[in-house]
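Inspection log for the structure reproduced underneath, given as structure tokens.
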Amino acid sequence: MSSTATSAPKGRSFPKVEFTDSEAGALEFPGSKSRSYNYFRPAKLRATVYEDVTVDVQPDPERHLTQGWIYGFGNGPGGYPKEWTKAKSSDWHAFLDPNEEWEQTIYRNNSAVVRQVALGLENAKRAGAYDGWNAAWQKFVARNLGAWMHAENGMALHVFTSIQRSGPTNMINTAVAVNAAHKMRFAQDLALFNLDLSESLGTFDGSVHKQVWASAEEWQPTRKVLEELTAVGDWAELLFGVNVVFEQLVGQLFRSELVMQISAKNGDYITPTLVGTGEYDYNRDLGYTRALFRMLTRDEKHGSGNKELFGQWLSAWVPPCLQAARALQPIWSQPAEKVRTFADSFGAAKEKFTQLLEEIGLDVPKELEK
């Protein structure tokens, strides 16, 4: 009988693993153990949380993608095209939001405002603060503050929301997105205020604002200029037209130079508190807007061209905004207590607008002097 014994299986051999120190994470260098980013130059000695979570988060072929955009739109442009605005910058990434807005600050700041508004309205209803309002003031608030709610909502949805992805850097887009959130929240606050007044006062007309915004003669130029602004395709022009021109000549004129000035004299201490939150928001949003356009006018390579471009934008939007402001003059005479004239309010608004243009580095348009 033949031997059926089998020999032991031969051992299998594998290539010997050799470490070349070229694998990811092998190289040690100063800061390699740090948990903070250091691939950009912070504005100050140390990077802030805002800079860590926004700077260079959005890719850019000029800084990171040596192969070009790895994604794009169906009609050709890739990523975040700089051609979406006629304004030019030597380095769009140089813009940093002076408010340092990022995800955490958005929720923290807005929740604080919401709590303030909710407590104010709750306490007003509990104390019967609306009972002393005379018929003229009720009509003023129902018609005009209600109409302004539509303006705020239009800016939220059709201006800032529409361009919050159009900027070439994450820092610009984040600031614009926060601007959209501010406008949306304020419009909703005005709507809730309207509902509270309708429930608290049997003589308050909570629906007249729709007719006023749609057909009241004094509000149509404001509505017209906002609708024309929403048709602008250039994101920087849209931001300039709204935050630099419209908000200065119309928005602040109505909110700050009228409503907040005359409310208390008409026995109303609630409305200026509510409207004040909108003014606070705009002041913050004006901060980033001023910083952005001042950066563009001071650009060593493109500054002069940007100034010329912004001058054209002023020529396009100052006249219709002045027309909208002057058309609102009749509402200054509607309250029972007329403690401020239209000339005083309009003069203050134009003075603030002139100061803003000087801070950006732009000439005051001749239309403002008429």
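The values are calculated or read from the model by the stated rules, or taken from the named source; none is laboratory data. It should be emphasised that the depicted structure is a prediction, and the values quoted were computed from it without experimental measurement. We place every Cβ from the backbone using ideal geometry, glycine too, and count neighbours over all the protein chains shown.
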Please go through region 163-189 and give me each residue that is surrounded by 17 or more Cβ atoms within 10 Å (Cβ to Cβ) and polar (S, T, N, Q), ordered by number.
164, 166, 169, 170, 173, 174, 179
Condition test on residue 3, is it at pLDDT 65 or above and over 29 Å from the mean Cα position of the chain (by Cα)?
no
Need the failing condition index for residue 257 against (1) crowded, with 19+ Cβ neighbours inside 10 Å; (2) under 19 Å from the mean Cα position of the chain (by Cα); (3) closer than 30 Å to residue 137 by Cα, just the number.
(2)
Among the residues listed as 236, 264, 214, 191, the single one being touching a helix residue (DSSP H, G or I) at 6+ places or on another chain (Cβ under 9 Å), small (Gly, Ala, Ser) and within 28 Å of residue 361 (Cβ to Cβ)
236
Please enumerate the residues belonging to region 190-205 that are in contact (Cβ under 8 Å) with a residue 40 or more places away in the chain, over 28 Å from the mean Cα position of the chain (by Cα) and surrounded by 13 or more Cβ atoms within 10 Å (Cβ to Cβ).
197, 200, 201, 204, 205
Looking at residue 368, is it at pLDDT 95 or above, out of contact with any Phe, Trp or Tyr (no Cβ under 6 Å at 6 or more places or on another chain) and not in a loop (DSSP other than H, G, I, E, B)?
no
Filter region 92-130 for residues that are surrounded by fewer than 20 Cβ atoms within 10 Å (Cβ to Cβ), among the acidic types (Asp, Glu) and modelled with pLDDT of 90 or more; the one that is nearest to residue 171 (Cα to Cα) is 100
Filter region 285-302 for residues that are touching a Lys or Arg at 6+ places or on another chain (Cβ under 6 Å) and part of a helix (DSSP H, G or I) and give the result.
297
Residue selected from region 300-314 under the condition within 23 Å of the chain's Cα centre (by Cα) and of a type outside the set (A, V, I, L, M), by the criterion nearest to residue 223 (Cα to Cα):
313
Output the helices (runs of 4 or more DSSP H) that fall wholly within region 68-174 and possess 3 or more residues being under 30 Å from residue 312 (Cα atoms), or say none.
146-155
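Per-residue answers, yes or no, for (1) closer than 25 Å to residue 137 by Cα; (2) of a type outside the set (D, E, K, R); (3) at pLDDT below 95; (4) not in a helix (DSSP H, G or I):
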residue	(1), (2), (3), (4)
275	yes, yes, no, no
283	no, yes, no, no
305	no, yes, no, no
310	no, yes, no, no
321	no, yes, no, no
340	yes, no, yes, yes
Among residues belonging to region 247-296 that are acidic (Asp, Glu) and touching a residue at least 40 places away in the same chain (Cβ under 8 Å), point out the one that is nearest to residue 124 (Cα to Cα).
268
So residue 330 passes all but one of these: (1) touching a residue at least 40 places away in the same chain (Cβ under 8 Å); (2) closer than 15 Å to residue 249 by Cβ; (3) surrounded by fewer than 20 Cβ atoms within 10 Å (Cβ to Cβ); (4) not β-branched (Val, Ile, Thr). Which condition number does it fail?
(2)
Go through region 68-116 and report how many residues are under 21 Å from residue 304 (Cβ atoms) and free of Cβ contacts under 8 Å to residues at least 24 places away in the same chain.
2
Could you figure out which of (1) touching a Ser or Thr at 6+ places or on another chain (Cβ under 6 Å); (2) part of a helix (DSSP H, G or I) isn't true of residue 204?
(2)
Pairs only if they're at least six apart or on different chains, beta carbon under 9 angstrom, first in region 147-163 and closer than 15 Å to residue 255 by Cα, second assigned to a helix (DSSP H, G or I) and hydroxyl-bearing (Ser, Thr, Tyr); list them, first residue then second.
147/222; 148/222; 151/222
